[in-house]
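Chemist: Before we start, here is the structure in question, set down as C-alpha cells.
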Amino acid sequence: MKNLAIVSVFMTLLLSIGSLQAFGQKDKYLLQQELDNLIRADLLPEYRTNQIIEQVSSYDRTGKNDDGFEGTHSFVRKEGEHLVIADLKGPGVVNRIWTPTPNDDTLAFYFDGEKRARLRIRFSDLFSGTVFPFLKGISGNEIGGFYTYMPIPYEKSLKIVFEGKKMLFHQIQYRQLPKTDVTSWTGNFSENEKEKIQEVSSIYEKPAPTIDRFTKGRSSEIRLTEKQIILEPGNEETIFDIQQGGRVVGIEIDGGTAFEGLQKDILLSARWDEEGTEAIYAPLADFFGYAYGKKAMRSLLLGTREELNYSYLPMPFDNSAEIKLIYKKRSKTTQSPISVKVKIYHSAIARVPELEGKFYAVWHREVPDKGKYYEFLKLNGKGHYVGTIHWAQGLRAGMTLFFEGDDKTIVDGEQRLHGTGSEDYYNGGWYALLDRWDRGISLPIHGSLAYSLPMARTGGYRLFMSDKMPFEEQINHVIEHGPEGNEFPVDYTSVAMFYGAQPLENKVAPTDELREVYVPTIHEYFPQLMEITLGGGAEVKQDRGLQIFSDGHHTVQVALNDIPEGTYKLSVSYQMKEKGGEFAIWQRQKKISDWKSTRAAVESKVEKEQIGLINITNQTNSITLHVREEGGEKSVFELDRIHLERIDNQ
C-alpha cells in the first residue's frame, strides 16, 4: 500500500506539472483540444482563468417577449441588404450556435477584418449533419431546436452576416480567450483534426454512457469500491469513505424501481475534505434526472439506463471524501426497506488546487414570488458552471406559458448571457407543438425531461462542456417564469452543477413537502397535442382547434392520458359557427351528454360548458365525441379545449 501511495503521488505530480505548464503558457490554441472539451469529462474540473463566456442572442431588449418573432432584435446592424448578427473581437472561439428557425439563406463568416468570407454556408446546413465539419452529433436538431457545437476560432475578429431579409431566433455563444496564438478558421483541417471531429461526431451520434469512456487524464488509474446495502427508513448508509486525496470518477447506483414514485425520500449526500456543508445534498431522483416520479434523463454523463443510475462527472478532492445515501422517514406513512447496489469508481490522483475546482450540486425548489427571478445559482467566489437540471410545474391549468421565461447570467458584475426562452436554453424550441418540445427526449448534453399539457409541467437539462461558464468573483444564474415580468405562478425545482474553489456556505433542506411531487387536480387538453382515434370515416383538422366534419354521424375518440385515476367534472370549450353541427359526448358505452347544437348566425366561443362526471382509470381514460350534421348539410364541430377537475378524495 505504501508503494501504491508513492506511485499515486508521483502520478499526481507529473500530471500537475504538465497541466501547470500548459495552463501557465497558454501559447497555442489547438482545435483538437477544443473538441476534446466535448467528450473528455476529466477536463471539466479545470478552471478557465482569464476567459469570458458571452452570448449574442435575439432577446427582446425592452423586457417584453419579442425574442425573435418579428426579428426586431435579431441583428446588430444592417450592411446593405444583409444583417450582421454578430461582430466579435478576438481572440476567441464560437462554441455554440442555436436556432429554432433555420432557413436556406446563407450565413457568411468574415474573419480578422477580411473583405471576403472564409466560410459561407446555408444556415440550415450548420445543423443538417451533411456538411463537413458540421457532422451529426456535433450538430443536429430535436425537440424543436437546431444546434451546432463545432468550434469556430478567430484570431482578431469574427463578423457573422445573414444574407437574407429576416433573421428570427438565434443564440451565438462564444468565449474570449487570453492573448494566445489562435489561428482563425480556414476550412482546411489536418488529418488529426479530421479524426477528432469524426470521434466527437461518433460519440455524440450514438452515446454509450459507460465509465470506460471517461478514464483519461487525471481520471485514469481508477479503482472500484462496491457495496450492497439494505437501506431502512430513517437511516443513512455510507457508500464511500476515503481519507486521502483523489477523485470520484463515476457513481453507479442500482435500486431497481425503488427511487421512482411521487415521494423522493432517498437523498444523495457527498462531502469533500470535511467541509461544513455537503457538496451534494439532493433527492437522488432529482440528481439523476427523474421526471415527476419516473426515470427520464439519459445524457452522456448523468442519468439512468435501465435500472442503473449513473454519474460520470469527475469529483476531485484534496484529503478526504464521504458519500452517503439517506432515507428520510415520513410520519404516518409506511415505507419499505430498499436494496441498493453501489459502484464507486475513483482514482488516487488528488485535485490540483491551482487548476481545478471541486464539484458542487446545489438543489433548490421554490415557488418564486411575482416579479422575482428563480435562481439556479447565486454564489460568490471562483469557479465555472457546468450543468442545469430543471423541473417546471405550472400552478394553474392551461398552456405552459411559464416556459416563455428567459435565462439570464450575470458574471463578476456584468450581464454575459441573456436567452430567448426556457426551452431555448435547453437547445429546444416550440413547446406544445407536435414533434417539437412535446415529450421527454434525451440527447448527449441536453434534452427535455418531460412535457404534459394536461399536467401543466415540463423540464429540461443541459450540460455545459466546451461552453462551461467561468466566474472569478461571482455568478448569478437565473430564469424567468412567464413571458414578461415573472408573473406566472409556477413551482420550480433545479439542480445547478459547478466546480468551485471554495466550499458551499449553506444548503436547502429537502423537507417532506419539498420532496413530494406536486399533482394538480385541474387539467386541460389542447387540440394540437390530443391523441385521437377516428371512427366511421370521420374527417378532421387538428391544430389550435379540433374540427370534426360530418355529413352524417361520425365519432372521434380523445385519449385523456397523463392524469391520475379518479372521478372528474368534465367541461368543454367549443366554437359556435354558421355551419356548426351537433355533438354529444360518451365515455365508452356510457352517454355523458345529450346532443347539443353549435349552429349560430354569428361565430362565438362557448367557454367551459359543464357536461357531466366521468371516471378515469387505465381502462377508461378517454371520451368519444359524436358529431352529426345539422340542417341537412355538411357541418362542423370545432372543439377548443377539454377541461377536467378532480372531485374524489385523494
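Chemist: If amide H atoms are built 1.01 Å from N in the plane of the peptide, which residues on other chains or at least 5 residues away come under 5 Å of the amide H of Ala538?
Modeler: HN-HN under 5 Å from Ala538: Thr555.
Chemist: Additional query: Quick check: the angle from helix 191-205's long axis to the longest principal axis of the chain, C-alpha only, nearest 10 degrees?
Modeler: Helix 191-205 sits roughly 40 degrees off the main axis of the chain.
Chemist: Can you give me the three principal axis dimensions of the range 135-254 from its C-alpha atoms, in Å, biggest first?
Modeler: Here the Cα extents, ordered largest to smallest, are 64, 36, 27 Å.
Chemist: How are the Cα pair distances of the range 371-435 distributed, in percent, across 10 Å bins from 0?
Modeler: Computed distribution, short to long bins: 15, 48, 27, 8, 1.
Chemist: In 10 Å bins starting at 0, how do the alpha-carbon pair distances of the range 306-420 split up by percent?
Modeler: Distribution as computed: 8, 27, 30, 27, 9, 0 percent.
Chemist: Filter the GluC sites (Glu not before Pro) in the range 579-650 to those in DSSP coil with at most 13 other Cβ atoms within 10 Å of their Cβ, and list the result. Walk me through the numbers before you get to the answer.
Modeler: On the way: sites: Glu582, Glu603, Glu607, Glu609, Glu629, Glu630, Glu633, Glu638, Glu645; in loops: Glu603, Glu629.
Qualifying residues, ordered by number: Glu603.
Chemist: Full extension from Thr533 to Thr130: what is 0.36 nm times the residue separation minus their Cα-Cα distance, to one decimal in nm?
Modeler: On the way: separation 403, 0.36 × 403 = 145.08 nm, distance 3.72 nm.
141.4 nm is the gain from fully extending Thr533 to Thr130.
Chemist: Related question: What's the long-distance tail for the range 15-160, i.e. % of Cα pairs beyond 26 Å?
Modeler: Numbers: 3560 of 10585 pairs.
Percentage above 26 Å: 34.
Chemist: In addition: Translational diffusion coefficient of the range 536-608 at 20 °C, 1.002 mPa s, Stokes-Einstein with Kirkwood Rh over Cα pairs, in µm²/s as a whole number. Numbers along the way, then the final one.
Modeler: Numbers: Rh = 14.0 Å.
The diffusion coefficient I find is 153 µm²/s.
Chemist: Moving on to the next point. What does the charge dipole of the range 217-360 about its Cα centre add up to, to the nearest 20 debye, if the Cβ of each Lys and Arg holds +1 and the Cβ of each Asp and Glu holds -1?
Modeler: Details: 19 positive and 21 negative charges, 103 e Å.
In total the dipole reaches around 500 debye.
Chemist: Continuing with the same structure: Can you pull the Kirkwood radius for the chain, inverse mean 1/r over Cα pairs, to one decimal in Å? Each step should come with its number before you reach the end.
Modeler: Numbers: mean 1/r = 0.0373 Å⁻¹.
About 26.8 Å, per the Kirkwood formula over Cα pairs.
Chemist: For n ≥ 4 DSSP H runs only, could you compute -39500 (n - 2.57) per run for the chain, divide by its residues and tell me the 222 nm figure to the nearest 500? Please list the in-between numbers first.
Modeler: On the way: 5 runs with 53 residues, N = 650.
Per the formula, -2500 deg cm²/dmol.
Chemist: Something else now. Test of understanding: what is the full-extension gain from Asn506 to Leu434, defined as 0.36 nm times their sequence separation minus their Cα-Cα distance?
Modeler: 21.7 nm
Chemist: For the range 272-322, I need the span (max minus min coordinate) of the C-alpha atoms along each principal axis, in Å, sorted largest to smallest.
Modeler: Principal-axis extents of the Cα atoms in the range 272-322, largest first: 35, 20, 14 Å.
Chemist: Turning to a different aspect of this structure: Measuring with a 1.4 Å probe in the full set of protein chains, what accessible area per residue, in whole Å², belongs to the chain?
Modeler: Details: 26630 Å² over 650 residues.
Per-residue value: 41 Å².
Chemist: Another one. Could you give each residue of the range 300-306 its phi-based ³J(HN,Hα) in whole Hz, using Karplus coefficients 6.51, -1.76, 1.60 with θ = phi - 60°, and x for Gly or Pro?
Modeler: After applying 6.51 cos²θ - 1.76 cosθ + 1.60, I find 5, 10, 7, x, 9, 9, 6 Hz.
Chemist: Next question. Under the rule of at least 5 residues apart or a separate chain, name every residue whose amide H is placed under 5 Å from the amide H of Asn235.
Modeler: Tyr327
Chemist: Can I ask one more? In the range 600-650, if the dipole is taken from +1 on Lys/Arg beta carbons and -1 on Asp/Glu beta carbons about the Cα centre, which of Gly612, Ser635, Val602 is farthest to the positive end?
Modeler: Gly612
Chemist: In nm, give the distance between the simple-model label positions of Glu236 and Ser597, each being 7 Å from the Cα along the Cα-to-Cβ direction.
Modeler: In this crude label model, Glu236 to Ser597 measures out at 7.1 nm.
Chemist: Working out 0.36 nm times the residue gap between Gln32 and Lys332, then minus their Cα-Cα distance, what length gain in nm do you get to one decimal? Let's see the in-between values first.
Modeler: Working: separation 300, 0.36 × 300 = 108.00 nm, distance 5.78 nm.
Fully extending the segment from Gln32 to Lys332 adds 102.2 nm.
Chemist: Same structure, new question: Please list, ordered by chain and number, the residues whose modelled amide H lies under 5 Å from the amide H of Asp181; skip anything fewer than 5 residues away on the same chain.
Modeler: Long-range HN contacts for Asp181: Lys28, Tyr29.
Chemist: To continue, here is another question. Kirkwood hydrodynamic radius of the range 603-650 from all distinct Cα pairs, in Å? Numbers along the way, then the final one.
Modeler: Numbers: mean 1/r = 0.0718 Å⁻¹.
The Cα-based Kirkwood calculation yields 13.9 Å.
Chemist: Please express the shape of the range 209-319 as an equivalent ellipsoid: the semi-axes are the square roots of 5 times the eigenvalues of the C-alpha gyration tensor, given largest first in whole angstrom. Walk me through the numbers before you get to the answer.
Modeler: Values: eigenvalues 107, 66, 31 Å².
After scaling each eigenvalue by five and taking roots: 23, 18, 13 Å.
Chemist: Over the Cα atoms of the range 549-650, what radius of gyration and what Dmax do you get, in Å?
Modeler: Radius of gyration, then largest Cα-Cα span, for the range 549-650: 14.1, 47 Å.
Chemist: Among Gly245, Thr257, Gly536, which residue has its Cα positioned farthest towards the positive end of the charge dipole of the chain, with +1 placed on the Cβ of Lys and Arg, -1 on the Cβ of Asp and Glu, and the dipole taken about the Cα centre?
Modeler: Highest projection toward the positive end goes to Gly245.
Chemist: Something else: What aspartates and glutamates could a cross-link reach from Lys507, if we take a straight Cα to Cα line under 14 Å and drop same-chain neighbours fewer than 8 places away?
Modeler: Once the sequence-local aspartates and glutamates are set aside, what remains near Lys507 is Glu275, Glu278, Glu366, Glu375.
Chemist: Taking every pair of alpha-carbon atoms in the range 409-560, what share in percent sits in each 10 Å bin, from 0 to the bin with the longest distance?
Modeler: The percentages, shortest bin first, are 8, 27, 31, 18, 9, 5, 2, 0.
Chemist: Points 7 angstrom from Cα along the Cβ direction at Asn192 and Lys372: gap in nanometres?
Modeler: 5.3 nm
Chemist: Roughly what would the spin-label model give for Glu578 and Glu607, points 7 Å off Cα along C-beta, in nm?
Modeler: A separation of 2.6 nm, rounded to one decimal place.
Chemist: Could you calculate the FRET efficiency of Leu224 with Asp543 from 1/(1 + (r/R0)^6), where r is the beta carbon distance between them and R0 is 51 Å, rounded to 0.05? Present the calculation step by step, with values, prior to reporting the outcome.
Modeler: On the way: r = 54 Å, r/R0 = 1.07.
The pair Leu224/Asp543 has a calculated efficiency of 0.40.
Chemist: Apply the Karplus curve 6.51 cos²θ - 1.76 cosθ + 1.60, θ = phi - 60°, to the phi angles in the range 539-554 and return the couplings in whole Hz, x for Gly and Pro.
Modeler: Per residue, the Karplus-derived 3J(HN,Hα) values read 10, 9, 10, 10, 8, 5, x, 9, 9, 10, 9, 8, 10, x, 9, 10 Hz.
Chemist: Now, a different point. What are the extents of the Cα atoms of the range 215-255 along their three principal axes, in Å, largest first?
Modeler: Its Cα atoms span 40, 23, 12 Å along the three principal axes.
Chemist: Let me ask something additional. Taking θ = phi - 60°, what integer Hz values does the Karplus form 6.51 cos²θ - 1.76 cosθ + 1.60 yield along the range 523-534, in sequence order, with x for Gly and Pro?
Modeler: Once rounded to whole Hz, the list reads 9, 10, 10, 9, x, 5, 10, 6, 8, 10, 10, 8.
Chemist: Same structure again: Trypsin sites (Lys or Arg not before Pro), restricted to the range 73-130: which are DSSP loop and have at most 12 other Cβ atoms within 10 Å?
Modeler: Working: sites: Arg77, Lys78, Lys89, Arg96, Lys115, Arg116, Arg118, Arg120, Arg122; in loops: Lys115, Arg116, Arg118.
Loop-located and lightly packed - Lys115, Arg116.
Chemist: Carbon-plus-sulfur fraction of the accessible area of the range 108-216, 1.4 Å probe, in percent? Can you show the working numbers first?
Modeler: Values: 2150 of 4830 Å².
Of all accessible area on the range 108-216, carbon and sulfur atoms account for 45 percent.
The values are calculated or read from the model by the stated rules, or taken from the named source; none is laboratory data. Being a predicted model, the structure only gives us computed values, none of them experimental. For neighbour counting, all protein chains shown are included, and Cβ atoms are generated from backbone atoms with ideal geometry for every residue, glycine included. Side chains are part of the model used for accessible areas, which takes the heavy atoms of the whole protein and leaves out ligands, DNA and RNA. Shrake-Rupley method; radii C 1.70, N 1.55, O 1.52, S 1.80 Å.
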